[in-house]
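Chemist: Supplied in structure tokens, the structure appears directly below.
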Amino acid sequence: MRYLSTGTGKRISKIGLGTWQFGSREWGYGDRYASEVAQAVVGRAVELGVTLFDTAEIYGFGRSERILGRALGENLESVFLATKIFPVLPVGPVVEQRAVASANRLGARRLDLYQVHQPNPVVRDGTIMRGMRALQRVGLVGEVGVSNYSLRRWRAAEDALGSPVLSNQVPYSLVARSPENELLPYARAHGRVVLAYSPLAQGLLSGRYHPGNRPANRVRAANPLFLPENLQRAGDLLTALGEVAAAHSATPAQIALAWVIHHPAVAAIPGASSVEQLERNVAAAEIELSDDQYQALAAAADRFRPVTGAAALPRLARARLGR
């Protein structure tokens, strides 16, 4: 495992574990996953040197936090534990109450990273950060983070907090590269972190899906990337991933993860449906891409032009009807 250079008290692994699927029905993993598989996945992650575990109060309406806390058990104090507040009425006292509730569900004495899940369009960050400052003063929260923030709002949050906002959790992958414009340069220049969620584009970059094999679960089926036309258009990128994977005796998914964490300020938080998938994800931290390989993948990604936005809506409707 490799780790970020952040200066935080606990090390942050370059490959972490995202736990949206813990206790969330929309992924369709079933009750056995929540009761047995998640425990095994977390235990194996700790054995392999994963320290970054990310959850949120909204995942399964608290079930993800409970499942993760039970699975970590005595390891709670040694890992870098991150969760998120969903910012509905995020005034100071509410932020404090919700942090206490998350810590209780996790069974943790301290949240190493407490993040604002989404920018609130009405409530300013100054209001939210008053609660965050209070949580840091009493020691319940170590670092403050944000999620899905623009650079402007990230910096505004820092101004409001009066100290660094360590991280910004955003979608980042070979098919979602907008963080490269502003967020990654800022993070690198100022000792901040970008936490990449959906680093495999919800599995598109694994190469397992194609027009004749579209995903069945609700989360992926609602994602325009999995339209038959977009799966067809992704062929060139998946071929490029396969070629680099062959050179490293790796899988396309591992190469896609290695590409994301190639940047020194990025850690990735893929999910894992099994212990085997977790092990493959962790192994990606050991893959060092050459500059030529990194650029070749970036060029292939530039050529991928998926159908998105309003144009994708009627296609999604037809795909759901099997037409």
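The values are calculated or read from the model by the stated rules, or taken from the named source; none is laboratory data. Just so you know, these numbers come straight off a predicted model, no measurement behind them. With ideal geometry, Cβ positions are generated from the backbone for all residues, glycine too; neighbour counts draw on all protein chains shown. Keep in mind that these areas ignore ligands, DNA and RNA; they rest on the heavy atoms of the full protein, side chains included. Shrake-Rupley method; radii C 1.70, N 1.55, O 1.52, S 1.80 Å.
Chemist: Work out Dmax and Rg for region 46-204 from the C-alpha atoms and quote the Rg first, both in angstrom.
Modeler: Reported Rg and Dmax, both Å: 15.2, 43.
Chemist: Could you check how much of the accessible area of region 21-117 is carbon and sulfur, as a whole percent, using a 1.4 Å probe?
Modeler: On the way: 2060 of 3950 Å².
Answer for region 21-117 is 52 percent, counting heavy atoms of protein chains only.
Chemist: A follow-up question, please. Can you give the three extents of the C-alpha atoms in the chain along their principal axes, from longest to shortest, in whole Å?
Modeler: 53, 43, 40
Chemist: Over region 135-281, what is the percentage of antiparallel beta bridges among all DSSP beta bridges, to the nearest 5?
Modeler: On the way: 2 of 13 bridges.
Of all bridge pairs located within region 135-281, approximately 15 percent are antiparallel.
Chemist: Now a separate question. Could you list which residues have their amide H under 5 Å from that of residue 115, counting only those 5 or more apart in sequence or on another chain, with H placed in the peptide plane?
Modeler: Amide H neighbours of residue 115, under 5 Å, 5+ apart: 83, 84, 85, 145.
Chemist: Hey, if we sort 86, 22 by accessible area with the 1.4 Å probe, largest down, what's the order? Write out the running numbers ahead of the final one.
Modeler: Numbers: 86 75, 22 0 Å².
Listed by decreasing accessible area, they come as 86, 22.
Chemist: Another question, if that's okay. Thinking of region 244-293 as a set of Cα atoms, what percent of all their pairs are more than 16 Å apart? Provide the component values of the computation, followed by the final result.
Modeler: Numbers: 425 of 1225 pairs.
When all Cα pairs of region 244-293 are counted, 35 percent exceed 16 Å.
Chemist: With labels modelled as points extended 7 Å from the Cα through the Cβ direction, what inter-label distance (nm, one decimal) is found for residue 70 paired with residue 249?
Modeler: 4.0
Chemist: Where the centroid of each part is defined by its Cα atoms, how far is region 1-64 from region 97-133 in Å?
Modeler: 19
Chemist: If you don't mind, there's one more thing I want to ask. Give the shape of region 1-124 as rounded, prolate or oblate, defined through the alpha-carbon gyration tensor: a ≥ b ≥ c are the square roots of its eigenvalues, a/c under 1.5 means rounded, and otherwise the shape is prolate if a/b is larger than b/c and oblate if not. Please list the in-between numbers first.
Modeler: Values: a/c = 1.80, a/b = 1.21, b/c = 1.48.
Oblate is the answer for region 1-124, as a/c is 1.5 or above yet b/c matches or exceeds a/b.
Chemist: If you restrict to DSSP beta bridges whose two residues both lie in the chain, what percentage is antiparallel, to the nearest 5? Don't skip to the answer; put the middle values down first.
Modeler: Numbers: 3 of 29 bridges.
Of those bridges, close to 10 percent are antiparallel.
Chemist: I would also like to ask the following. Give me the extension gain from residue 77 to residue 219: residue separation times 0.36 nm, minus the current Cα-Cα distance, reported in nm with one decimal. Kindly include the intermediate steps, with their values, before the conclusion.
Modeler: On the way: separation 142, 0.36 × 142 = 51.12 nm, distance 3.22 nm.
That pair, residue 77 and residue 219, stretches by 47.9 nm at full extension.
Chemist: Something else about it: Stretch residue 286-residue 31 to full length: gain in nm at 0.36 nm per residue minus the Cα-Cα span? If you can, show how the numbers build up before the last one.
Modeler: Working: separation 255, 0.36 × 255 = 91.80 nm, distance 3.28 nm.
That pair, residue 286 and residue 31, stretches by 88.5 nm at full extension.
Chemist: Per residue, how much accessible area does the chain have with a 1.4 Å probe, in Å²? Before the final figure, lay out the partial values.
Modeler: Details: 14070 Å² over 323 residues.
Here the per-residue accessible area is 44 Å².
Chemist: Select from 60, 277, 230 the residue farthest towards the positive end of the dipole of the chain; place +1 on Cβ of Lys and Arg, -1 on Cβ of Asp and Glu, and compute about the Cα centre.
Modeler: Checked the options; the winner is 60.
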